[in-house]
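Worksheet: one structure, shown below.
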Amino acid sequence: MSEALPSSRDSNEHVMKKIIFFIIATAVLAICVLMPTPAGLTVAGKVVLGVFLWYLIVLIGGCFPLGIIGVMAPALLVILKIYPESIALSGFVNKMSFLILGSLMFGAGMTVTNLGKRIALAIISFMKSSKVTKINTGMLIANLALCPFFPATVARGAFFYPIVKGVNSLVKGNDKRSSVLRSSFLMWGVGFAPIFVATMFLTGGMPAIMLSAVFAGRGVSIGWFEWIKLTIPLIGLLPILFLYFHRFYKLNNVEIVGSREAISSEYKALGKMTKEEIWLLIALFLALALWVLKPFGIDSGMAAILVATMIFLPVGLKYGWQDINKHFLWGTWIFLAGSISLAAVLCKSGVTDWLSQIIVSVIPPHLTPLLLVVLLMLGFQIARAGISSAVAMAACYIPLSISIAPLLGFNVLPFAILIVTVLSYSFILPFSIETVLIAWSAGDVSFSDSMKVGTPLTIIGTLYSVLVLVPWFALMGVPLW
């Protein structure tokens, strides 16, 4: 159970693809800069549109590391003299970017100390069963436990990858059924489970933090506890998604002989909790308390930074900055901050207002508000399918939701929350979500089978979110219309 998470890219095999995507991205940017300004769009707007398209294309093509894309895209706005650094790079000083900074520090600490692995194995081991459904239930619960302190879903999937591969090694045989069992277990543990729980916590995934950051720039505060209050009904979606997935793969009553003993052995091998793990666990509980209670008006971002410093207090712990730094996802943070910057300028430049007018103009008239929301969300799902990055999705759709909501008679905040929630359940294509892409590419599930399981999950997630969250928002005092 010690295999590493496989990379979703192979630079040696895809160098030419990256070059082609970079050339296309640069050509699109040049066309946007040099073309006549479209009606309804400003000069700044057309350049921002070009930079955003450049950002999407190089991201889809994997042309650069995420951190480089995150800093280069907004920097292009400065280089092209569209906005000064204070505006183009505003996401790097947004208070919510500090929330992700602290949360990623917690995630690195859980990796260094083995606390994250201990929590995951303890919960799965507690199920005391060799049945696939029981093991997968444990993985889902473990994700719920780790999610508030580990917003990088791919990194959370990495925790479960060696566990899944270790259990899969116990599945003997090369027949189709054995192959499907191994692949389905991989798809659940690494691909779907980390995503299913991410929408319920502000620190559960990047889109929620980005939404909070964009609204913070508009003077609207969405705290950790406020997010839970608005999204708590999503807990009811988990058993529905769980039952459909296991019914599709016919996993009920299926056992993996020896898996219970293997998981228990892996957990016992960790030994007793170290003082480093105990100290980090105290820090996590303190962070949770500060996020919920907000004493002295300390916002979530500053609370995360404040508590993260506990990891480095001189109290005789054996790890230090060098140990944490090895596992800190600096590229993820830079990419997030750059994407927040882009989302802000998309609104400021009028690009999203322009796009919103185009979208609204093709919507059939006289639809009821609920039907309109359902059709919009399903349409956005199709458009979102080609964007595997959750951050890129958020950078695109959060500004769009802010512009389009008033045109449709919707309140902006609940509409934006609904969009990032719905579009987090985008499983139509195996490469629509990064964790699913990694699990799919490492397994033996065909493209068509992935679509067969993913498309219904997408529809279920979309309909449940709309039909349950819309009345819930109204009950919580933030009605959609």
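Charges at C-beta only: +1 for Lys and Arg, -1 for Asp and Glu. How large is the resulting dipole of the chain about its Cα centre, in Debye rounded to 20? Here the chain has a charge dipole of around 680 debye. Going through the range 118-184, which trypsin sites (Lys or Arg not before Pro) have at most 13 other Cβ atoms within 10 Å and a DSSP loop state? Listed in order of number, the matching sites are LYS128, LYS172. Farthest towards the positive end of the charge dipole of the range 37-167, among the residues THR133, PHE92, TRP54, is the Cα of THR133, using unit charges on the Cβ of Lys, Arg, Asp and Glu.
Run the helix sum for the chain: -39,500 (n - 2.57) per DSSP H stretch of 4+ residues, divided by residue count, reported at 222 nm to the nearest 500 deg cm²/dmol. Don't skip to the answer; put the middle values down first.
Details: 24 runs with 325 residues, N = 481.
So the calculated ellipticity at 222 nm is -21500 deg cm²/dmol.
Were the residues from LEU80 through GLU255 laid out at 0.36 nm apart, the gain over their Cα-Cα distance would be 57.0 nm.
The range 81-124 has equivalent-ellipsoid semi-axes of 37, 8, 7 Å, by the square roots of 5 times the alpha carbon gyration tensor eigenvalues, sorted largest first. Around LYS250, under 15 Å between beta carbons, what's the net of Lys plus Arg minus Asp minus Glu among the other residues? Around LYS250, the charge tally is +3.
Provide the net charge surrounding CYS347, with neighbours chosen by a C-beta distance below 14 Å and charges set as Lys +1, Arg +1, Asp -1, Glu -1.
Numbers: positive: ARG218, LYS348; negative: ASP353.
Residues close to CYS347 contribute a combined charge of +1.
Out of the total accessible area of the range 356-481 (probe 1.4 Å, heavy atoms of protein only), what percent is carbon and sulfur? Show your work: numbers first, answer last.
On the way: 3320 of 4570 Å².
Percent of accessible area from carbon and sulfur atoms in the range 356-481: 73.
Applying the criteria of a DSSP loop state and at most 16 other Cβ atoms within 10 Å to the trypsin sites (Lys or Arg not before Pro) of the range 194-279 yields ARG218, LYS250, LYS272. Heavy-atom accessible area with a 1.4 Å probe sorts ASP444, ASP353, largest first, into ASP444, ASP353.
Dipole orientation for the chain: of the candidates GLY386, SER424, SER221, SER424 has the Cα lying most toward the positive pole (charges on Cβ; Lys, Arg +1; Asp, Glu -1).
I'm checking a number: the convex hull volume of the Cα atoms of the range 413-480, normalised per residue, in Å³. What is it? Display every interim value, and only then the final one.
Values: hull volume 4.8 nm³, N = 68.
Convex hull of Cα atoms, per residue: 70 Å³.
Based on the alpha carbons, how large is the Rg to Rh ratio for the range 363-430 when Rh follows Kirkwood? Here Rg/Rh amounts to 0.96. For the chain, the relative contact order works out to 23 percent when only alpha carbon pairs closer than 8 Å and six or more residues apart are counted.
What FRET efficiency would be calculated for the residue pair SER361, VAL315, taking the C-beta separation as r and a Förster radius of 45 Å, to the nearest 0.05?
Numbers: r = 62 Å, r/R0 = 1.38.
Efficiency, from the Cβ-Cβ distance: 0.15.
With a sphere of radius 13 Å drawn around the Cβ of GLU277, what net charge do the other residues whose Cβ falls strictly inside it have (Lys, Arg +1; Asp, Glu -1)? Cβ neighbours under 13 Å give a net charge of +4.
Backbone amide hydrogens, once placed in the peptide plane, bring SER389 within less than 5 Å of nothing, excluding anything fewer than 5 places away on its chain.
Residues in the range 20-57, backbone N under 17 Å from the label point at LEU407 (7 Å along the Cα-to-beta-carbon vector): list them, ranges by number please. Once the point is set 7 Å along Cα→Cβ of LEU407, 38-42, 45-46, 49 turn out to lie under 17 Å by backbone N, inside the range 20-57. Computed extension gain for VAL468 through LEU243, at 0.36 nm per residue and net of the alpha carbon distance, reaches 79.1 nm. Distance from the Cα centroid of the range 179-228 to that of the range 234-313 is 14 Å (rounded to whole angstrom). Taking each residue as 0.36 nm, the span from SER221 to VAL292 lengthens on full extension beyond its C-alpha to C-alpha distance by 24.2 nm. By the Cα gyration tensor, the range 244-298 has an equivalent ellipsoid whose semi-axes, rounded to whole angstrom, run 37, 23, 5 from largest to smallest. Which entry in (1) 70, 52, 44; (2) 67, 54, 53; (3) 66, 59, 41 is this structure's computed Cα extents along the principal axes in Å? Read-out from the structure maps to (2).
The values are calculated or read from the model by the stated rules, or taken from the named source; none is laboratory data. Values in this document were obtained by computation on a predicted structure and should not be read as measured data. Note: ideal-geometry Cβ built from the backbone for every residue, glycine included; neighbour counts use all protein chains shown. For the accessible areas, the whole protein counts, side chains as well, though only heavy atoms, and no ligand, DNA or RNA atoms are used. Shrake-Rupley method; radii C 1.70, N 1.55, O 1.52, S 1.80 Å.
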